[in-house]
Amino acid sequence: MIRKILVVDDSELLHRMYDLILMRYRNSGTTVLHARDGSQAITLIREHLDVDLILLDINMPVMSGLHVLSGLRAMGRLPFITVIMVSTEGHEKDVEHAL
């Protein structure tokens with residue numbers, strides 16, 4: 001069971017949407033953390049080593065989702081965290097880079 005989810009997006013509207021969608025999981029004990037940019041996400045991942053799932057926007061200020069992914073690889077965390085890349089844009093280059 002997923003116990004801790006990190007939502008990483010620069011859109012306040014999307015954070016509220018995720019909260020509504022994930023509300024039923026919160027009621028069963030899942031914690032949802034929020035980061036507004038990639039830099040904040042890296043900080044939260046270092047503080048919460050038990051994050052199970054990251055919903056990660058690709059295009060953000062300060063640090064992009066692709067840079068967060070690189071940081072997770074460098075930290076050795078990728079084998080232990082499921083990451084779902086999210087974007088309102090459909091650039092194949094970003095998909096290839098993320099993979």
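The values are calculated or read from the model by the stated rules, or taken from the named source; none is laboratory data. Note that the structure is a prediction, hence the values are computed from the model and not measured. As a convention, Cβ positions derive from the backbone with ideal geometry for all residues, glycine included, and neighbour counts pool all protein chains shown.
Evaluated against (1) over 14 Å from S87 (Cα atoms); (2) of a type in the set (A, V, I, L, M, F, W, C); (3) buried (at least 16 other Cβ atoms within 10 Å of the Cβ), V7 falls short on exactly one condition, (1).
Does any residue of the stretch 33-48 turn out to be at negative phi, modelled with pLDDT under 85 and assigned to a helix (DSSP H, G or I)? Outline the logic, then answer.
Here is the first cut: in the stretch 33-48, the ones at negative phi are 33-48.
Then drop every residue that is not modelled with pLDDT under 85, which leaves none.
Within the stretch 33-48, none of the residues are at negative phi, modelled with pLDDT under 85 and assigned to a helix (DSSP H, G or I).
The residues in the stretch 34-50 that are hydrophobic (A, V, I, L, M, F, W, C) and touching a helix residue (DSSP H, G or I) at 6+ places or on another chain (Cβ under 6 Å) can be counted, and the count is 3. Considering every residue within the stretch 16-29, establish whether at least one is assigned to a loop (DSSP other than H, G, I, E, B) and among the charged types (D, E, K, R). Looking through the stretch 16-29, none of the residues is assigned to a loop (DSSP other than H, G, I, E, B) and among the charged types (D, E, K, R). So A74 clears everything in (1) out of contact with any strand residue (DSSP E or B) (no Cβ under 9 Å at 6 or more places or on another chain); (2) closer than 15 Å to M85 by Cα except one condition, right? Which one? For A74, the exception is condition (2).
Every residue in the stretch 1-15 that is in a helix (DSSP H, G or I) and either in contact with a Phe, Trp or Tyr (Cβ under 9 Å, 6 or more places away or on another chain) or of a type in the set (A, V, I, L, M, F, W, C) (or both), please. Of everything in the stretch 1-15, those that are in a helix (DSSP H, G or I) and either in contact with a Phe, Trp or Tyr (Cβ under 9 Å, 6 or more places away or on another chain) or of a type in the set (A, V, I, L, M, F, W, C) (or both) turn out to be L13, L14.
Go through the stretch 33-65 and count every residue that is of a type in the set (A, V, I, L, M, F, W, C), over 19 Å from I2 (Cα atoms) and surrounded by 17 or more Cβ atoms within 10 Å (Cβ to Cβ).
In the first step, residues of the stretch 33-65 are kept if they are of a type in the set (A, V, I, L, M, F, W, C); the result is 33, 35, 41-42, 44-45, 49, 51, 53-56, 58, 60, 62-63.
Imposing the further condition that a residue be over 19 Å from I2 (Cα atoms) reduces the set to 42, 58, 60, 62-63.
Okay, now just the ones that are also surrounded by 17 or more Cβ atoms within 10 Å (Cβ to Cβ), so 42, 58, 60, 63.
Final tally of qualifying residues: 4.
Scanning the stretch 49-60 for residues that are of a type outside the set (V, I, T) and part of a loop (DSSP other than H, G, I, E, B) yields L49, D50, D52, N59, M60.
Scan the stretch 10-28 and give yes if some residue there is β-branched (V, I, T) and in contact with a strand residue (DSSP E or B) (Cβ under 9 Å, 6 or more places away or on another chain), otherwise no. Can you show your working first?
Step one: of the stretch 10-28, the residues β-branched (V, I, T) are 21.
Going one step further and asking which of them are in contact with a strand residue (DSSP E or B) (Cβ under 9 Å, 6 or more places away or on another chain), we end up with none.
No, the stretch 10-28 contains no residue that is β-branched (V, I, T) and in contact with a strand residue (DSSP E or B) (Cβ under 9 Å, 6 or more places away or on another chain).
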